[in-house]
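The values are calculated or read from the model by the stated rules, or taken from the named source; none is laboratory data. Since this is a predicted model, take the numbers as computed values, not measurements. Please note: Cβ atoms are built from the backbone with ideal geometry, for glycine as well, and neighbour counts cover all protein chains shown.
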Amino acid sequence: MNPGSHCVFVTGGSGFVGRHIVRTLRACGYPVRMLARRTPQALESSVQVVLGDLARPESFAAALAGASTVIHAALTDDLSHDLEATSKLHKLSAEAGVRQFLHLSTISVYGNQSDGIISEETAPLPSTDAYSSTKLKIEEALRIRPACREVAILRLGCVYGPGGGWWTQGLLSMMARGKLLLVNGGAGYANLIHVEDVASIILLLLERSNPSFEIYNVTDGAPVPWSRYFAAMEEISGHTATVSMSVAEARDHARKWLRPSLPRRVFRKLAGAPLIFPLDDRAIDGFASRAIYSNEKASRVLGFRPAYDFESGIQSVRAERDSSARQLASQALA
């Protein structure tokens, strides 16, 4: 396939994952149109920005003309609107002649499996978590009514890497303000995927003909204990920022601090007690889980081979942080 003749329309292109996807597509020669509410800063000039709102299809519908693939990585401001917005995007894509619709979902649609090997054959579980529930409803809508000729669901693991994201910058920001819980000492498994490898599997899907509907788990296939991941984040942050608790202790801590009373907040402040971020039940169960989310199908069908293992992935985060620190120091001296 000649990438230059294969226009790709990306929603969420200014987000953590989307930015890396857009950058990789352009590096490989794909013309890219990116849906955004406002023109992003530091954007490559060759990327065509479509100013619009996912919740208002009339603001971007015309820009779908001529696109071969839609990569849907965006969320609306209100999760309750995401199902309708995605369904409209999918319908409009098909009407515009888009061949391929790639939707970024999450392994959290499986629920918090306590252990075992989780494959695409494992039945998803309904969740009270709005994000997971919405993603599962979107998947079901795409499965029942696949309008485009090729629809693929990518169930992403915990996406990390340089340039932001919840599992890197989000955790590091929290570590700067307080301490994070290690449930059961961090013995549960982190099923990770480097952000660059998300872009890589998308390239594999772009470069081949695919079935009318398919689902892939997207992880690096080599889970590590959360204790190891958080230790790496602590090393990058430069200080100890975790507290180990059992599941029972974590639930007790949540009862006290998820919605603390005013007297309790005042007492903590006066006592100078450290902030230990509480977790809700779903997060506690997730961090305690020793389930392994297999990428065997993506490896077998697509030839997916993650470029980043845990060590090289963490090094990419560390390198970016070091580079940013040097830039700040240079600016201070200028």
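So here's what we get for this one:
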quantity	calculated
Candidate set: region 120-133, residues that are at pLDDT 95 or above and touching a helix residue (DSSP H, G or I) at 6+ places or on another chain (Cβ under 7 Å); chosen: the one nearest to residue 93 (Cα to Cα)	120
Subset of region 242-266 (residues that are modelled with pLDDT of 85 or more and of a type in the set (Ser, Thr, Tyr))	242, 244, 246
Residue among 228, 259 that alone is over 30 Å from residue 94 (Cα atoms) and in a loop (DSSP other than H, G, I, E, B)	259
Within region 255-307, considering residues that are touching a residue at least 60 places away in the same chain (Cβ under 8 Å) and polar (S, T, N, Q), the one farthest from residue 216 (Cα to Cα)	289
Qualifying residue in region 182-192 (condition: over 13 Å from the mean Cα position of the chain (by Cα), surrounded by 23 or more Cβ atoms within 10 Å (Cβ to Cβ), at pLDDT 95 or above and not in a strand (DSSP E or B))	yes
Any pair with Cβ under 6 angstrom, 6 or more apart, that starts in region 45-74 at a residue that is polar (S, T, N, Q) and ends at one that is modelled with pLDDT under 90 and buried (at least 18 other Cβ atoms within 10 Å of the Cβ)	68/6
Residue in region 15-70 that is surrounded by the most Cβ atoms within 10 Å (Cβ to Cβ), counting only those that are over 30 Å from residue 170 (Cβ atoms) and touching a Leu at 6+ places or on another chain (Cβ under 7 Å)	64
Residues within region 91-141 that are part of a helix (DSSP H, G or I), in contact with a strand residue (DSSP E or B) (Cβ under 6 Å, 6 or more places away or on another chain) and either closer than 21 Å to residue 206 by Cβ or basic (Lys, Arg) (or both), tallied	3
Some residue of region 145-156 being closer than 23 Å to residue 250 by Cβ and buried (at least 18 other Cβ atoms within 10 Å of the Cβ)	no
Region 197-220, residues that are in a helix (DSSP H, G or I) and either touching an Asp or Glu at 6+ places or on another chain (Cβ under 6 Å) or among the aliphatic types (A, V, I, L, M) (or both)	198, 199, 201, 202, 203, 204, 205, 206
Long-range neighbours under 7 Å by Cβ, at least six apart or interchain, first residue within 13 Å of residue 155 (Cα to Cα) within region 131-142, second of a type in the set (Asp, Glu) and not in a helix (DSSP H, G or I)	none
Among the candidates 236, 215, 276, residue that is within 19 Å of the chain's Cα centre (by Cα), surrounded by 14 or more Cβ atoms within 10 Å (Cβ to Cβ) and hydrophobic (A, V, I, L, M, F, W, C)	215
